[in-house]
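The values are calculated or read from the model by the stated rules, or taken from the named source; none is laboratory data. As the structure is a prediction and not an experimental result, all values here were calculated from the model. Glycine also receives a Cβ, built like all others from the backbone with ideal geometry; neighbour counts cover every protein chain displayed. Remember, those area values only see protein heavy atoms, side chains included, never the ligands or the DNA or RNA. Shrake-Rupley method; radii C 1.70, N 1.55, O 1.52, S 1.80 Å.
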Amino acid sequence: MTMRAIDENTITDAALEQMAGTPNPRLKEIMAALVRNLHNFAREVDLTPEEWLQGLTFLTAVGQKCTEHRQEFILLSDTMGLSTLVNALNDRRALEAGTKSSVLGPFYREDSPPMKMGSSIATKDYPNAQEVCVYGQVVNAEGKGIANASVEIWQPDETGNYDLQKQDADVMDLRGTFRTDSEGRYYLRTIVPLGYMIPMDGPVGDLIRAQRRHGYRPAHIHFVIGGPGYREVATALYIDGDDHLESDTVFGVTESLVIRVNPKDPKSPMPNLPAIHFDFQLASGELTKAGRVGADPAQITRKVAENAR
């Protein structure tokens, strides 16, 4: 029997043939495409053994930086534009028009506290921050309000830090979940967030510096909006005038998501406060969390622990 000669060109077909018996058709499709593109990448750049090892060392460091309060792999995906690409592909599957999605980010948390309409998501005083009313309506593709829709919100504080980045990360702050009224309306109080630099104390930060990138995200507020019979949307609203709107390190900004803080808005349910007005539109479909490009860091560590048992 003549053995196949394995070289830089034949290795790809050899690997694909060994995987050909994969019973899960989607796993087979994904892994075959990954192998083909990964091998082509190595051939294109003429990858050296030293560079190969550096790459493995980098990915190992990314994994070691992950905790129940921090997801370095999601941060890596965000900064490479992969998260936004997957978001765009998911948006394309919708059968109706809806609010554009944006990156969920590495600081999402499950089970944010339920709050009454008009409540403030700030759990402490922020004397140096500007309080603001965020209000609007959640509507369907025909513009009709969606009653009892879930409006989940989270954001950084006036220094650009999330609660997960603080000393006591178990204390939730600047997060909450609201329910729309019978006409799909919502309103709440919060503070105007500050743009921030992504965490630069890990391997992703090292990579950003090596690429001479600034590492900043423009000021924004995150939302997950959903309701039975509608497609959930994970998105964010970006504050107009921020210096990094056109150079967001994680490529999350879309023009339709840029909003401004109105110092006086007579239509606001809290006219004594500056206001941000935005109406979210949901496309019809199955309510599912599977469309989120991101996850609670603690959720990922739990799944890893469960799979290791």
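Only loop residues by DSSP count here, and only those with at most 11 other Cβ atoms within 10 Å; note down the GluC sites (Glu not before Pro) in segment 1-68 that meet that.
On the way: sites: GLU8, GLU17, GLU29, GLU44, GLU50, GLU51, GLU68; in loops: GLU8, GLU68.
The qualifying sites are GLU8.
Which percent, to the nearest 5, of DSSP beta bridges fully inside the chain are antiparallel? Please list the in-between numbers first.
Numbers: 29 of 38 bridges.
In the chain, approximately 75 percent of DSSP beta bridges are antiparallel ones.
For the chain, what is the calculated [θ] at 222 nm in deg cm²/dmol (nearest 500), taking -39500 (n - 2.57) for each run of four or more DSSP H residues and dividing by its residue count? Spell out each step's value before the answer.
Numbers: 7 runs with 86 residues, N = 309.
So the helix-based figure for the chain works out to -8500 deg cm²/dmol.
Could you work out what % of the accessible surface of segment 122-272 is carbon and sulfur, using a 1.4 angstrom probe and leaving DNA, RNA and ligands out of the count? Don't skip to the answer; put the middle values down first.
Working: 3260 of 7010 Å².
Carbon plus sulfur share of accessible area: 46 percent.
Rounded, prolate or oblate: which fits segment 166-233, taking a ≥ b ≥ c as square roots of the Cα gyration tensor eigenvalues, rounded meaning a/c under 1.5, else prolate when a/b beats b/c? Mind dumping the intermediate values first?
Values: a/c = 2.61, a/b = 2.08, b/c = 1.25.
Prolate shape, in that a/c is at least 1.5 and a/b is the bigger ratio.
If I stretch the segment between ASP13 and LEU27 completely, what's the gain in nm (0.36 nm per residue apart, minus their alpha carbon distance), one decimal? Numbers along the way, then the final one.
On the way: separation 14, 0.36 × 14 = 5.04 nm, distance 1.73 nm.
Full extension of this stretch gives 3.3 nm more.
Compute a Gaussian network model of the chain, connecting alpha carbons closer than 10 Å, and tell me which residue from GLU72, GLU96, GLU232 fluctuates the most.
GLU96
List the pairs from LYS116/LYS303; LYS116/LYS166; LYS166/LYS267; LYS124/LYS267; LYS124/LYS303; LYS124/LYS144 whose alpha-carbon separation is above 29 Å, in the order I gave them. Intermediate values should be presented prior to the final figure.
Working: LYS116/LYS303 32 Å; LYS116/LYS166 26 Å; LYS166/LYS267 36 Å; LYS124/LYS267 27 Å; LYS124/LYS303 32 Å; LYS124/LYS144 36 Å.
Violating the 29 Å Cα-Cα cut-off are LYS116/LYS303; LYS166/LYS267; LYS124/LYS303; LYS124/LYS144.
At a Förster distance of 30 Å, what's the computed FRET efficiency of ALA20 paired with ARG209, Cβ-Cβ distance as r, to 0.05?
On the way: r = 42 Å, r/R0 = 1.41.
About 0.10, to the nearest 0.05.
Using only Cα atoms, locate the centre of segment 178-215 and the centre of segment 127-169, then give the distance between them in Å, rounded to an integer.
Each part's Cα centre sits 11 Å from the other's.
Along the Cα-to-C-beta direction of SER120, a point sits 7 Å from the Cα; which residues of segment 246-283 have their amide N less than 13 Å from that point?
273-274
I want to make sure I understand the PRE zone here: with the label point 7 angstrom from the Cα of ASN272 toward its beta carbon, which residues in segment 118-159 have backbone N atoms less than 14 Å away?
Once the point is set 7 Å along Cα→Cβ of ASN272, 131-133 turn out to lie under 14 Å by backbone N, inside segment 118-159.
Given a Förster distance of 25 angstrom, what is the FRET efficiency for ASP181 paired with ASP111, based on the Cβ-Cβ distance and rounded to 0.05? Intermediate values should be presented prior to the final figure.
Working: r = 23 Å, r/R0 = 0.92.
Rounded to the nearest 0.05, the efficiency is 0.65.
Using the basic label-point model (7 angstrom from Cα toward the beta carbon), what is the LYS100 to VAL304 distance in nanometres?
3.3
Which distance in nm do the two modelled labels at GLU255 and MET172 give, with both placed 7 Å along the Cα-to-Cβ direction?
Each label point lies 7 Å from its Cα, and together they span 3.7 nm.
P(r) for segment 176-277, please, calculated from all Cα pair distances in 10 Å bins and given in %.
Distribution as computed: 13, 35, 33, 15, 5, 0 percent.
What whole-number value in cubic angstrom gives the convex hull volume per residue for the C-alpha atoms of segment 28-146? Mind dumping the intermediate values first?
Values: hull volume 25.9 nm³, N = 119.
Looking at segment 28-146, the number lands at 217 Å³ per residue.
Tell me, what is the FRET efficiency for SER284 and THR60 to the nearest 0.05, using R0 = 51 angstrom and their Cβ-Cβ distance as r?
Working: r = 44 Å, r/R0 = 0.86.
Efficiency, rounded to the nearest 0.05: 0.70.
Going Cα to Cα from LYS100, which aspartates and glutamates come in below 13 Å? Please leave out same-chain ones fewer than 8 positions away.
Within the straight-line cut-off, LYS100 pairs with ASP91, GLU232, GLU255, ASP279.
In square angstrom, what is the accessible area per residue of segment 132-207 with a 1.4 angstrom probe?
Per residue, segment 132-207 has 38 Å² of solvent-accessible surface.
If you take percent of Cα pairs over 35 Å apart from the coordinates, which of (i) 28; (ii) 39; (iii) 11 do you get?
(i)
Where the centre of each part is set by its Cα atoms, how far does segment 1-63 sit from segment 241-280, in angstrom?
So the two Cα centres are separated by 45 Å.
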